[in-house]
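Scroll down for the structure; my scribbles are underneath it.
The values are calculated or read from the model by the stated rules, or taken from the named source; none is laboratory data. A quick note: this is a predicted structure, and the numbers were derived from the prediction, not measured. Virtual Cβ from ideal backbone geometry, glycine too; neighbours counted across all protein chains shown.
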Amino acid sequence: MLLDEVRTTGHLEEGALRGNFALFLDTGEHTWLLNDALGFVRIYASADRCFFSTSWLAVCAYLQHVELDAASAIEYVLLGAAHSCQSVARGVDLLPLGHVQDFRRRSTWQRFPRGFDAQAPEFRSPTQAVETIAGHLRTISAEVASAFPGRVNAALSGGFDSRLIVAGLLAAGVRPRLFVYGDADSADVAVARTVATAADLPLEAIDKRAMNRGLPMPDIESLEQSALFFDGLPSDGIDDPGADRHTRLEQTADGCIALNGGGGEIFRNFFHLPNRAFAARDIVRTFYRGFSRSVFRDSDGLASYEARLAASMRSIVGMSEVGSELLSRTQVELLYSLFRCHYWMGVNNSVAVRHGNYTTPLVDLESVRLALRVPLRWKNAGALESRLVAALHPAIAAQPSAYGFRFDAGPGWRERLAEWATCARPVRLRPLINATRRNLQRKRIAPAMLQRYRALLPGEWCMDALLDLAQLVDDRALGRAVAVEIAWRRIF
């Protein structure tokens, strides 16, 4: 049907495409390469446009010699992903968001020339919004069940998004096998057990830390194997003794599909900003400044970092790369799915589908468009998402959550006041607030971990000229610096 449609009309019905995928279409007249609308399965291309792959390492191997792209490498280590079409390896680029590589025309073209916003009016009432979005989630759940009958695994935690997935599955008549990550004392495990009991569903609690404690610390060879498994540069780094790799394979074994709640924050106020226009640099300072300016070796490093991210944000919502114009509130909302999810979440999703069936069902093209029709005030403090869970499955909405309230009751005045107070923080002060919090919590990498990896990889590292690694705020960031080093020393 898809081939017939392309042959007849010369275009795709985007609403009929669902999930995380890369697709090669050859109809005789058209030869196209594309991915899902939000680019959650990455397609990399060599600079000469002669080699394309869903594997970053494969395109690097094609080039034979690759140099580090400094700006992208900095973003990867600090944020977990490079946030533009340029990858950490110079000459290896992403297929731009929403584009098709047309091999017959030897060019790319935009599948959404009018943008990702459906330009539909706002919902008239919260009830209309809940009914429409819940209906879409039921459809998605039914499609998953049809494709993977009796083989659906779903993550569950104490938060909104995983509960919404389970509610949608149950509303569609699907009974998934549930799993939760955490130790016996974890709040997520406690809430997940309560929810699973209320739904009479099996639940497996998995303690990754306990699994890793029973495994040897990674040596050079195991780090290299981890890098190959994660396609070089995973968002959490490659410091994985084995639990992460094992659980990923376990959840998709025997042809099962694993569902994850990533992207569900399209139904909430993700950036915690008030309902007005903002400059792109405001978004950078709000969300992408979780580190000290002293981490940069270059005195202009922070300014360059902020300017590059802001330019990428403007570009991805269709604005000029230079200029002082403000992002509309709709464009700010779009940045969550088109920028945050596309670049950051896409790294994990791309790795996951390499090793099994996996999807993040809450965020697709139609979900994004529906969420844009919801006034921001209905999303604040999780009010809309609470109502979605309750509409789909009242019994599990009536169970506690990690947020201190039941979803059938929704956020109370304390939660709404906390949301208001967070939104009211001036954007220019947020880096200072973050710095104060880091200092109070003494957020730093573990010195012993840095010493251990310096001993395993002696000499100057690729990132040493760009970042002061001792100033990184968490061990995952150090794990990403190690991933860069392993790629350039051991794989390339």
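Answer with yes or no whether Thr108 is without any contact (Cβ under 8 Å) to a residue 24 or more places away in the chain and assigned to a strand (DSSP E or B).
Values: without any contact (Cβ under 8 Å) to a residue 24 or more places away in the chain: yes; assigned to a strand (DSSP E or B): yes.
Criteria met by Thr108.
Does the range 89-100 contain any residue that is over 30 Å from Trp488 (Cβ atoms), out of contact with any Pro (no Cβ under 8 Å at 6 or more places or on another chain) and in contact (Cβ under 8 Å) with a residue 60 or more places away in the chain?
Pass one, the range 89-100, residues over 30 Å from Trp488 (Cβ atoms): 98, 100.
Retained after the next criterion (residues that are out of contact with any Pro (no Cβ under 8 Å at 6 or more places or on another chain)): 98, 100.
Checking the rest, the ones that are also in contact (Cβ under 8 Å) with a residue 60 or more places away in the chain come to 98, 100.
Among the residues of the range 89-100, at least one is over 30 Å from Trp488 (Cβ atoms), out of contact with any Pro (no Cβ under 8 Å at 6 or more places or on another chain) and in contact (Cβ under 8 Å) with a residue 60 or more places away in the chain, which makes the answer yes.
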**Q.** Residue satisfying all of: in the range 193-240; closer than 30 Å to Ala398 by Cα and hydrophobic (A, V, I, L, M, F, W, C); surrounded by the most Cβ atoms within 10 Å (Cβ to Cβ) among these
**A.** Val195
Q: Starting from residues that are surrounded by 21 or more Cβ atoms within 10 Å (Cβ to Cβ) and of a type outside the set (Val, Ile, Thr), keep the ones in the range 96-115 and report whichever is farthest from the chain's Cα centre (by Cα).
A: Gln101
Q | Whichever residue in the range 28-63 is among the polar types (S, T, N, Q) and in a loop (DSSP other than H, G, I, E, B) and, among such residues, is nearest to Glu13 (Cα to Cα) | A | Thr54
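Pull up the range 98-152, narrow it to residues that are touching a helix residue (DSSP H, G or I) at 6+ places or on another chain (Cβ under 8 Å) and acidic (Asp, Glu), then point me to the one that is modelled with the highest pLDDT. Walk me through how you get there before you give the answer.
Our first condition is that a residue be touching a helix residue (DSSP H, G or I) at 6+ places or on another chain (Cβ under 8 Å); within the range 98-152, this holds for 111-112, 116-118, 120, 123, 126, 129-134, 136-138, 140-141, 144-145, 148, 151-152.
Now drop any that are not acidic (Asp, Glu), which leaves 117, 131.
Details: Asp117: 81, Glu131: 98.
Out of the qualifying residues, it is Glu131.
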**Q.** Matching residues, the range 241-255, being touching a residue at least 24 places away in the same chain (Cβ under 8 Å) and either surrounded by 19 or more Cβ atoms within 10 Å (Cβ to Cβ) or touching a helix residue (DSSP H, G or I) at 6+ places or on another chain (Cβ under 9 Å) (or both)
**A.** Pro241, Gly242, Ala243, Asp244, His246, Thr247, Arg248, Gln251, Thr252
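Could you check the range 436-467 and list, in sequence order, the residues that are surrounded by 14 or more Cβ atoms within 10 Å (Cβ to Cβ) and over 24 Å from Leu57 (Cα atoms)?
Start the filter on the range 436-467 by keeping residues that are surrounded by 14 or more Cβ atoms within 10 Å (Cβ to Cβ), which leaves 438, 443-445, 449-450, 452-453, 456-457, 461-463, 466-467.
Answer for the range 436-467, where residues must be surrounded by 14 or more Cβ atoms within 10 Å (Cβ to Cβ) and over 24 Å from Leu57 (Cα atoms): Arg438, Lys443, Arg444, Ile445, Met449, Leu450, Arg452.
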Q: Please find, within the range 30-55, the residue that is surrounded by the fewest Cβ atoms within 10 Å (Cβ to Cβ) out of those that are in contact with a Leu (Cβ under 7 Å, 6 or more places away or on another chain) and aromatic (Phe, Trp, Tyr).
A: Phe52
Q. Residues in the range 350-369: is at least one modelled with pLDDT under 95, surrounded by fewer than 21 Cβ atoms within 10 Å (Cβ to Cβ) and touching a His at 6+ places or on another chain (Cβ under 7 Å)?
A. yes
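Considering only the range 70-79, I want to know if a residue exists there that is in a loop (DSSP other than H, G, I, E, B), small (Gly, Ala, Ser) and at pLDDT 95 or above.
Within the range 70-79, the first condition is being in a loop (DSSP other than H, G, I, E, B), and the residues that meet it are none.
No: the range 70-79 contains no residue that is in a loop (DSSP other than H, G, I, E, B), small (Gly, Ala, Ser) and at pLDDT 95 or above.
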Q) Are there any pairs with C-beta distances below 6 angstrom linking a residue in the range 204-231 that is in the same structural domain as Leu450 (by TED's automatic domain parsing) and more than 24 Å from Val152 (Cα to Cα) to a residue that is among the charged types (D, E, K, R) and assigned to a strand (DSSP E or B), with the two at least 6 apart or on different chains, and if so which? A) none
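Would you pick out the residues in the range 471-489 that are part of a helix (DSSP H, G or I) and not charged (D, E, K, R)?
So the first thing to find is which residues in the range 471-489 are part of a helix (DSSP H, G or I), and the list is 471, 475-489.
Passing the criteria: Gln471, Ala477, Leu478, Gly479, Ala481, Val482, Ala483, Val484, Ile486, Ala487, Trp488.
Condition check ((1) within 25 Å of Gly98 (Cα to Cα); (2) hydroxyl-bearing (Ser, Thr, Tyr); (3) in contact with a Leu (Cβ under 9 Å, 6 or more places away or on another chain); (4) part of a helix (DSSP H, G or I)) across all residues:
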| residue | (1), (2), (3), (4) |
| --- | --- |
| Phe112 | yes, no, yes, no |
| Ala120 | yes, no, yes, no |
| Phe123 | no, no, yes, no |
| Val130 | no, no, yes, yes |
| Ala134 | no, no, yes, yes |
| Pro149 | no, no, no, no |
| Ala154 | no, no, yes, no |
| Ile165 | no, no, yes, yes |
Q. In the range 289-307, which residues are surrounded by 20 or more Cβ atoms within 10 Å (Cβ to Cβ) and at pLDDT 95 or above?
A. Val295, Phe296, Tyr305
Q) If you scan the range 321-342, which residues turn out to be among the polar types (S, T, N, Q), modelled with pLDDT under 95 and either in contact with a Gly (Cβ under 8 Å, 6 or more places away or on another chain) or farther than 22 Å from Leu372 by Cβ (or both)? A) Ser324
(Q) Quick check on the range 415-429. Is at least one of its residues within 22 Å of Val166 (Cβ to Cβ), assigned by TED's automatic domain parsing to the domain that holds Leu259, touching a residue at least 60 places away in the same chain (Cβ under 8 Å) and assigned to a helix (DSSP H, G or I)? (A) no
